[in-house]
Amino acid sequence: MSHSPLLSSHCLDEGPPCTCPLCASDWSSCVPHSEGLQLSRDLGATYLELPSLNHVFVSRYFGSVLEYFMIQCLKQKANDRPEKRRGNKLNEPRPPHLEQPARLPPIRVEESSFSQDLQWLLERGVQFADVAFYAGDSGKELGWGHAAVLCAVSPYFRQLLLGPKARERPISRCACRGDGRGDGGPPSLLSTWDGGLGKEDGLRPDGHLAGRLSRLVVKDPLLCLCLWETLMFLYRGAWEWEHLQEAMGEKLNNSLAVAQLMDRIRSFLGRDKGPRDTPNARAAQLGPQSLVNLFNSPLYSDVIFMVQGNVLPAHRAVLVARCDVMAAMFSGKYAEARSRVVPIHGVSSDTFLSFLEYLYTDTCCPASVLQAMAVLVCAEMYQVKRLQHLCEVCVCAYLQSMPSRELASTGISVIRLLRRAKCHNAEQLYVWLLHFIANNYLIFSHKPDFLELSEEEREQVERLRWPSRGYLQELSEYQQRRRKLKKSRCLVM
């Protein structure tokens, strides 16, 4: 962009005329406005009179030019500055490069087998069943169940089996057939307590403890046909609606009958008829919570653990389904199979309660590192691998969340945790702790228990240590060169 200079009508030898804005002395010697405008048009320039050169026009016509020269000056200074720095730091030593610490190995946890364990209980846990189902028309035996599981999952079965009266029947929203009593009562499953097959504290012919048997007469023919699928659905957590509907559709081959039976199953669970139930991630997570009401509850409890003088009620059916050692203990020819009270030794009551909590809820939330290690030892004792791995994850999470200052001053001995992990077959935790000690070498190497490491463990820690010996040596040499350089500068000064 160009700007035409003031055009004077006279070119005098004494110099240009006065160009002060609004100066009356040069009015006669300046080009008239019309001539200046015409000349600027001919030259393709912009014509402005001096009185109109305010800050708006200056920024519009000269701002970009000034900005360009300012940027060029700054670039030139920036290019000159590294040369000055490089000249000043030619003799400066370069600091060593510190590598990142090695990544800690992950702790792998198996997928939950909660639903599969309860399915196994329904399929093979007849020895501990205390509910029998019979067809209302023929009296044929349809299957067996476990009152503890049924009552925990379904409020309908809870009222049916645990009502204050022996023959009290819960009101159902099912459109089942009448029970034939002629009392005009609400249609329902009919519960009959006969006290049957052994008294409450007696023994079965096989020598095992026998509880009270509940006989339920199924009056609905659709439920008689699909009782096994219904029980499987309830035992697996009552969330696989699509699978249940598909299984009943294959058996009944009637969409209307399937819809009616689905409504009746919803009534078992105390759910109103709503949109189509579909399984999702949240429902799958809530599946293991189906037995949470039974945890540490005397409701239908048939075994009591005595731990450090504390009474912990439990249910044999759940214990057998979730723990192989418990299954052998209550199914074999052991004293626990014939006793209602089982003493537990060598474990604290809080630790054993956390162990039972996992069996009932499939979760584990220890409050500290030491509590997690105690539950890990208990899980190894009863051979519950998944709980052991969950405890390993908890220990790693607690240690990794500690800042360096707390890790240096804590009373928890990581070396002793390493010893316990190796002693109780926690291989993943053992390897993780070795890497953790190596990554925090400067903290743990100054502790007295560091000498308790075996020669093989110390070699592995030295190989993985962070920062490495090479880096520390380079850092020491760098600091020495810096000190010498400072001394030499002081002498020159």
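In sequence order, what are the phi-derived ³J(HN,Hα) couplings for segment 353-360 according to the Karplus relation 6.51 cos²θ - 1.76 cosθ + 1.60 with θ = phi - 60°, rounded to whole Hz, with x for glycine and proline?
Per residue, the Karplus-derived 3J(HN,Hα) values read 5, 5, 5, 5, 4, 5, 4, 8 Hz.
Taking neighbour counts of Cβ atoms within 10 Å as a proxy for exposure, in what order, fewest first, do Val377, Val218, Val109 appear? Walk me through the intermediate numbers first.
On the way: Val377 18, Val218 22, Val109 15.
By the 10 Å Cβ count, ascending, the order reads Val109, Val377, Val218.
Based on a Kirkwood Rh over C-alpha pairs, give the Stokes-Einstein translational diffusion coefficient of segment 299-470 at 10 °C and viscosity 1.306 mPa s in µm²/s. Show your work: numbers first, answer last.
Numbers: Rh = 17.8 Å.
This corresponds to a translational diffusion coefficient of 89 µm²/s.
Based on other C-beta atoms within 10 Å, arrange Thr410, Thr230 from fewest to most.
Details: Thr410 12, Thr230 22.
Taking fewest neighbouring Cβ atoms as first place, the list is Thr410, Thr230.
Report the FRET efficiency, 1/(1 + (r/R0)^6), for Ile443 and Gln289, where r is their Cβ-Cβ distance and R0 is 60 Å, rounded to 0.05. Could the numbers behind the result be given before it?
Working: r = 40 Å, r/R0 = 0.67.
Using R0 = 60 Å, I get an efficiency of 0.90.
Measure out, as a whole number of angstrom, how far apart the alpha-carbon centroids of segment 354-396 and segment 317-348 sit.
So the two Cα centres are separated by 18 Å.
For Ser214, enumerate residues with amide H under 5 Å from its amide H, sequence gap 5+ or separate chain, H modeled in the peptide plane.
Counting only residues 5 or more places away or on other chains, the set is Val131, Ala132.
Relative contact order of segment 393-493, please, whole-number percent, based on alpha carbon pairs below 8 angstrom and at least 6 residues apart. Mind showing how you got there, number by number?
Details: 46 pairs, mean separation 24.1, N = 101.
Worked out over segment 393-493, it gives 24 percent.
Could you derive backbone 3J(HN,Hα) for segment 410-416 from the dihedral phi with the Karplus parameters 6.51, -1.76 and 1.60 (θ = phi - 60°), listing whole Hz in sequence and x where the residue is Gly or Pro?
So the J values, rounded to whole Hz, are 5, x, 6, 8, 5, 5, 6.
Give or take rounding to whole Å, what are the principal axis extents of the alpha carbon atoms in segment 423-489, in descending order?
61, 21, 17
Read-outs: derived from the displayed coordinates by stated rules, not from any lab. None of the values given here were measured: they were computed from a predicted structure. FYI the Cβ positions are ideal-geometry reconstructions off the backbone, even for glycines, and counts take in every protein chain you see.
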